[in-house]
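Some notes on the structure that comes next.
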Amino acid sequence: MPQPLLKNQYPGAAQGPAGPAGPAGPAGPTVTGDPNALVFINTAGDGPTTSADFTATPLDPYGCPQIRDKRQAAGIGPKWRQGAWVSDGDAENVTAEGIVVYEPTDDAAGNFARIKGSRFGIRRVVPITNLDLDYAWRVDLNGQYLKNDNAVKTFEIDRANGSVRSAASIAVGPAGTEARIFSGSGSPEGAVTGRPGDLYLNITGGAGTAIYTKESGNETNTGWIGLGGAV
């Protein structure tokens, strides 16, 4: 039985020589700008452009590449950058500084919010005193904490066991009408200011002196009664 011919076996099926190349298209726009500037389409949409406020700056002190964008409000608005010029208190992780967001003058003051793959924090340098808190608020895989402007941790949550620690008191109820729980060593009478309904836990107390309740006096340090007996 005769075999069918393939397409390229038919007479006249041989491919002819390639035609000449077409003319080159017009050259694309040439963009010039400041060193390290990044190219973007401007708001008018009329072509690529650059700005001295949008740059890929050299490596930061920790070897991280940096991108900085401060185009908003002609350079005085909020800014963000990849990389950083200072550590954030993470001695084991200074080479992964993440993304940093500043308010208008915060980069000069040293204040910013930083996002990393395993943490988020707000860094603060206290005005006037220039006390560097590192993070005033930080959340990571260990938990979270807050610091006051004296660099004292005022609130902590432990992620592993869920424990909550406060440097002052724990409030229960709506603001202004809440009851508070205090703790310390010794009697609160004459030492701890509270409102009726507040509780005080004495870590060195015994029978009748381990738990106190505030029975009289609004925002005074007297009127504490030990449960199980009078002060």
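What follows draws every value from the coordinates through simple rules; no lab data is involved. Everything numeric here is computed off the predicted structure, so don't read it as measured data. Cβ coordinates were reconstructed from backbone atoms using ideal geometry, including for glycine residues, and neighbour counts include every protein chain displayed.
Quick notes on this structure:
- Stretching ASP132 away from LEU201 to a fully extended chain increases their span by 21.5 nm, per 0.36 nm per residue minus the current alpha-carbon distance.
- Here the gap between THR193 and GLN72, fully extended at 0.36 nm per residue and compared with their Cα-Cα distance, gives a gain of 38.8 nm.
- Normalised contact order of the stretch 170-226, rounded percent, pairs of Cα under 8 Å and 6 or more residues apart: 30
- Once the C-beta distance of THR57 and LEU227 is scaled by a Förster radius of 45 Å, the resulting FRET efficiency is 0.10 to the nearest 0.05.
- Extension gain, ASN36 back to ALA151 (0.36 nm per residue minus Cα-Cα distance, nm): 37.6 nm
- Of interest is the spacing of the C-alpha centroids, which for the stretch 190-209 and the stretch 160-185 amounts to 13 Å.
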